[in-house]
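J.: I have a structure here, written as structure tokens, and I will follow up with some questions on it.
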Amino acid sequence: MLWPEIQIADLRELDNIFSGEKYKNCFKNKAYSGFVFFDIGSVLLDLDWDYYITAFEQLLPPTAVKDHKSIYSVLKKEAVLEKWCCGKMGAYDYAKSFIHVLVKTAKMPQLENQISIQEIKKADSYVVGAPRQSVLEMAKKLRELNFGIGVLSNATTWHEVVIEKKIPLRELFDVVIFSQDVGCEKPDQEIYKIAFTEAQAFIAKKYRQKLDVGDTYFIDDTPANVRAAIDFGWNASLVNLLNENIMAMIESNKISDLELKTLCKERENLLFGINAARRVENIFRNVIGL
């Protein structure tokens with residue numbers, strides 16, 4: 001959760017452009033081009049973590065301590081986020097855990113019974129932003145080029161409901177994998193194994209061929225998730241959403257990893273909407289001739 005931490009080495013190692021020749025050779029020899037998995041948040045649609053944080057802060061009185069970093073540090077330490085994302089904790093228990101940490105961090109424990117589960121669920125939904133329509137159209141073009149297409153996401157049950165209202169995932173994609181449904185999350189190798197097995201089943205059914213690990217592609221905005229996919233044997237690329245000003249500073253060595261650690265989590269330094277979509281599309285420029 002929250003915009004991921006990016007280091008300069010991540011950009012140099014993971015900001016890849018997929019080869020156009022590789023998929024052509026695959027199609028020539030196997031009659032299919034490969035299988036592409038997309039992350040959802042910050043790839044198929046915008047995420048607005050600032051709006052999300054503000055929504056939770058508005059549940060507290062003006063005099064309350066508001067420190068979202070501490071909230072998520074506690075939720076992570078107590079494995080609440082992991083259990084929630086992996087389907088090992090129900091919505092009620094997650095909401096109650098969140099409320100407890102929220103009011104404790106705010107130093108207002110007396111509010112614990114005054115914030116409802118519905119208020120938590122509503123505030124939680126505000127992170128899901130607008131779909132990137134051109135990226136969805138690109139996914140359709142990949143299918144026309146004989147790729148299988150899928151999504152691989154750590155989105156929670158609540159987020160899935162909101163996402164489905166914006167993007168008909170199961171109509172557009174051949175394989176849909178949510179961490180909550182399979183009991184593990186990125187970057188755990190197990191979720192890539194599960195996703196690959198599902199992709200293999202699709203290719204076997206549609207093309208009567210065996211999908212090879214090296215003909216599988218994946219894009220995500222979180223470096224750890226991309227590295228895990230590469231370790232599994234996939235072709236993977238980082239969706240770099242740092243704006244042009246930040247990238248220029250990096251290219252001219254005017255910014256350190258320590259500075260980037262802060263800047264990459266600030267909304268004003270990131271791309272959204274059409275500009276973010278172009279970054280996603282650029283990864284496939286050699287494949288679909290953008």
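J.: How much length, in nm to one decimal, is gained on full extension between R12 and K254, taken as 0.36 nm per residue of separation minus their Cα-Cα distance?
T.: That pair, R12 and K254, stretches by 85.5 nm at full extension.
J.: Over the chain, average the accessible area per residue using a 1.4 Å probe and give it in Å², no decimals.
T.: Normalised by residue count, the accessible surface of the chain is 47 Å².
J.: Here is a further query. Leaving out ligands, DNA and RNA, what percent of the accessible area of the chain is carbon and sulfur, probe 1.4 Å?
T.: Looking at the chain in its full context, I get 50 percent from C and S.
J.: Next question. Quick one: helix 223-232 against the long Cα principal axis of the chain, what's the angle to the nearest 10°, folded into 0 to 90?
T.: 40 degrees
J.: Under the Kirkwood approximation applied to all pairs of distinct alpha-carbon atoms, what is the hydrodynamic radius of segment 67-160 in Å?
T.: 15.6 Å
J.: With an 8 Å Cα cut-off and a minimum separation of 6 or more residues, compute the relative contact order for the chain in percent.
T.: Taking the mean separation of contacting Cα pairs over the length of the chain, I get 31 percent.
J.: Just the Kirkwood number for segment 158-219, please: inverse of mean 1/r across all distinct Cα pairs, in Å, one decimal.
T.: Evaluated over segment 158-219, this radius sits at 13.0 Å.
J.: Just to confirm the number: angle between the C-alpha axis of helix 189-207 and the first principal axis of the chain, 0 to 90 degrees, nearest 10?
T.: Value to nearest ten degrees: 40.
J.: Kirkwood-based Rg over Rh for segment 71-118 (C-alpha set), two decimals?
T.: 0.98
J.: Okay, next question. What residues of segment 1-27 lie in the reach of a label at N146, counting those whose backbone N is under 12 Å from a point 7 Å from the Cα along Cα→Cβ?
T.: Within reach of a label on N146: 23-27.
J.: Then there is this: Which residue fluctuates the most in the chain, going by a Gaussian network model with Cα springs under 10 Å, if the choices are Q200, Q189, Q110?
T.: Comparing Q200, Q189, Q110 in a Gaussian network model of the chain, the most mobile one is Q110.
J.: Could you quote the convex hull projected area for segment 229-290, Cα atoms only and averaged over all directions, in nm²?
T.: 5.7 nm²
J.: Separate question: Over all alpha-carbon pairs of segment 171-290, lay out the pair-distance distribution in 5 Å bins, whole %, shortest bin first.
T.: With a bin width of 5 Å, the distribution comes to 2, 10, 15, 18, 19, 16, 10, 6, 4, 1, 0.
J.: Beyond 16 Å, what percent of the Cα pairs of segment 130-182 remain?
T.: Across segment 130-182, Cα pairs with separations above 16 Å total 43 percent.
J.: Which ³J(HN,Hα) values in Hz, rounded to whole numbers, follow from the phi angles of segment 264-274 under the Karplus curve 6.51 cos²θ - 1.76 cosθ + 1.60, where θ = phi - 60° and Gly and Pro get x?
T.: 6, 9, 9, 3, 5, 9, 10, 9, 9, x, 4
J.: So how compact is the chain: Cα radius of gyration and Dmax in angstrom?
T.: Cα-based Rg and Dmax for the chain come out at 19.9, 67 Å.
J.: I've got another one for you. Can you compute the equivalent ellipsoid semi-axes for segment 3-43, i.e. the square root of 5 times each eigenvalue of the Cα gyration tensor, sorted largest first and rounded to whole Å?
T.: 29, 14, 5
J.: Relative to the compact-globule scaling 2.2 N^0.38 Å, provide the ratio for the alpha-carbon radius of gyration of segment 1-141.
T.: Computed over Cα atoms of segment 1-141, the ratio equals 1.41.
J.: Pick from K165, K265, K66: which is most flexible by mean-square fluctuation in a GNM of the chain where alpha carbon atoms under 10 Å apart are linked?
T.: Result for the chain, Cα springs under 10 Å: K165 fluctuates most.
J.: Output ³J(HN,Hα) for segment 42-48: one whole-Hz value per residue in order, computed from phi by the Karplus curve 6.51 cos²θ - 1.76 cosθ + 1.60 with θ = phi - 60°, and x for Gly and Pro.
T.: 6, 10, 8, 8, 6, 10, 10
J.: Taking every pair of alpha-carbon atoms in segment 39-111, what share in percent sits in each 5 Å bin, from 0 to the bin with the longest distance?
T.: Reading upward from the zero bin: 3, 15, 21, 23, 21, 11, 4, 1, 0.
J.: In segment 120-234, how does Rg compare with the Kirkwood Rh, expressed as the Rg/Rh ratio over alpha carbon atoms?
T.: That ratio is 0.96, to two decimals.
J.: Same structure, new question: Once both axes come from the Cα atoms, what is the angle between helix 68-77 and the longest principal axis of the chain, in degrees from 0 to 90, rounded to 10?
T.: 70 degrees
J.: Taking 51 Å as R0, compute the FRET efficiency from the Cβ-Cβ separation of D212 and D50 and round it to 0.05.
T.: Step by step, r from the Cβ atoms, then E = 0.80.
The values are calculated or read from the model by the stated rules, or taken from the named source; none is laboratory data. Quick caveat, the model's predicted, so the values are computed rather than measured. Don't worry about glycine lacking a Cβ; one is built from the backbone with ideal geometry, like all the others, and counts go over all protein chains shown. Keep in mind that these areas ignore ligands, DNA and RNA; they rest on the heavy atoms of the full protein, side chains included. Shrake-Rupley method; radii C 1.70, N 1.55, O 1.52, S 1.80 Å.
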